[in-house]
């Protein structure tokens, strides 16, 4: 994974537990930093899928948790401070800032949606502007993450349009329709759409273990709840996350 990062001129900040923390655009400026971050995330997920197949083929050499290993990635863009930080006895070239914290929240909250690469709207828009490659996204939600008061719209990176199977393109299009109906409070119609995309969710991850939900299931449940208890007149569709 580190090699994939470095091949795209990413800066390795640190390893923290089982996490790789990295950034793009410093110390060397990169005009296409968002596109690079999305490309790296896509390549990392593909590499892990390749490794899973290898580990599964080796049978009992590895425990089941290794056979089904997954990783989550959070991507955000914004102004940050980078530089050598620490003391004269121990120095580290690192980053800090609100944009960094949001990226961490996106990685953490991806688990609640059953997705694996969650991207902020700023990063999604810039990645599409900065690259000739067409990334395939689907809108996930507009949320207030823990510790933040300003809502952010988030996206699931599904892959590259050029190589993505047709069912993923359909998932992106249909889910977008479902989101629009949901925001218009047309909950019965939204449920019909999300039940269709639910089948595509499981087609995307037919062997998924340890993940109990996905975006379609979440929206079906929300729509059912809003049918019973309608949102207030000034409802803006923003969902407040109460846990990381």
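The values are calculated or read from the model by the stated rules, or taken from the named source; none is laboratory data. Small disclaimer: the values here were computed from a predicted structure and weren't measured. Note that each Cβ is placed from the backbone with ideal geometry, even for glycine, and that neighbours are counted across all protein chains shown.
For the stretch 139-162, enumerate the residues that are part of a loop (DSSP other than H, G, I, E, B), touching a helix residue (DSSP H, G or I) at 6+ places or on another chain (Cβ under 8 Å) and surrounded by 15 or more Cβ atoms within 10 Å (Cβ to Cβ).
So the first thing to find is which residues in the stretch 139-162 are part of a loop (DSSP other than H, G, I, E, B), and the list is 145-151, 161-162.
In the following step, the residues that additionally are touching a helix residue (DSSP H, G or I) at 6+ places or on another chain (Cβ under 8 Å) were identified as 145-148, 161.
145, 148, listed by residue number.
Of 106, 136, which residue is crowded, with 18+ Cβ neighbours inside 10 Å, at pLDDT 95 or above and part of a helix (DSSP H, G or I)? Break it down into steps so the answer makes sense when it comes.
Numbers: 136 fails: part of a helix (DSSP H, G or I).
Checking each option against the conditions leaves just 106.
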Screening 69, 126 for residues that are assigned by TED's automatic domain parsing to the domain that holds residue 141, over 13 Å from residue 154 (Cα atoms) and assigned to a helix (DSSP H, G or I) leaves only 126
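Quick check on this structure: which one of 114, 97 is out of contact with any strand residue (DSSP E or B) (no Cβ under 7 Å at 6 or more places or on another chain) and over 17 Å from residue 44 (Cβ atoms)? Quick ask: steps written out before the conclusion?
Details: 97 fails: out of contact with any strand residue (DSSP E or B) (no Cβ under 7 Å at 6 or more places or on another chain).
Answer to the selection: 114.
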Residue 77: passes all of (1) assigned to a helix (DSSP H, G or I); (2) modelled with pLDDT of 95 or more; (3) more than 11 Å from the chain's Cα centre (by Cα) but (1)
Taking the stretch 2-14 and keeping residues surrounded by fewer than 17 Cβ atoms within 10 Å (Cβ to Cβ) and in a loop (DSSP other than H, G, I, E, B) leaves 9
The one condition residue 17 fails out of (1) surrounded by 15 or more Cβ atoms within 10 Å (Cβ to Cβ); (2) within 21 Å of the chain's Cα centre (by Cα) is (1)
Taking the stretch 163-191 and the residues there that are free of Cβ contacts under 8 Å to residues at least 24 places away in the same chain and within 24 Å of residue 233 (Cα to Cα), the one that is surrounded by the fewest Cβ atoms within 10 Å (Cβ to Cβ) would be 184
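Just checking, how many residues over the stretch 109-121 are farther than 10 Å from residue 154 by Cβ, modelled with pLDDT of 95 or more and in a helix (DSSP H, G or I)?
We begin by selecting, within the stretch 109-121, every residue farther than 10 Å from residue 154 by Cβ; these are 111-112, 114, 116-117.
Filter once more, keeping what is modelled with pLDDT of 95 or more: 116-117.
With the extra rule that they be in a helix (DSSP H, G or I), the set shrinks to none.
So the count comes out to 0.
Check 187, 135 and return the single one that is farther than 28 Å from residue 49 by Cβ and in contact with a helix residue (DSSP H, G or I) (Cβ under 7 Å, 6 or more places away or on another chain). So that I can check it myself, show each step before the final result.
Values: 135 fails: farther than 28 Å from residue 49 by Cβ.
Within the list 187, 135, the selection yields 187.
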Filter the stretch 38-53 for residues that are modelled with pLDDT of 95 or more and touching a helix residue (DSSP H, G or I) at 6+ places or on another chain (Cβ under 7 Å); the one that is surrounded by the most Cβ atoms within 10 Å (Cβ to Cβ) is 38
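Can you name every residue in the stretch 24-37 that is more than 20 Å from residue 116 (Cβ to Cβ) and surrounded by 16 or more Cβ atoms within 10 Å (Cβ to Cβ)? Lay out the reasoning, then the answer.
Residues of the stretch 24-37 more than 20 Å from residue 116 (Cβ to Cβ): 25-33.
Listed by number, the residues that qualify are 25, 30, 32, 33.
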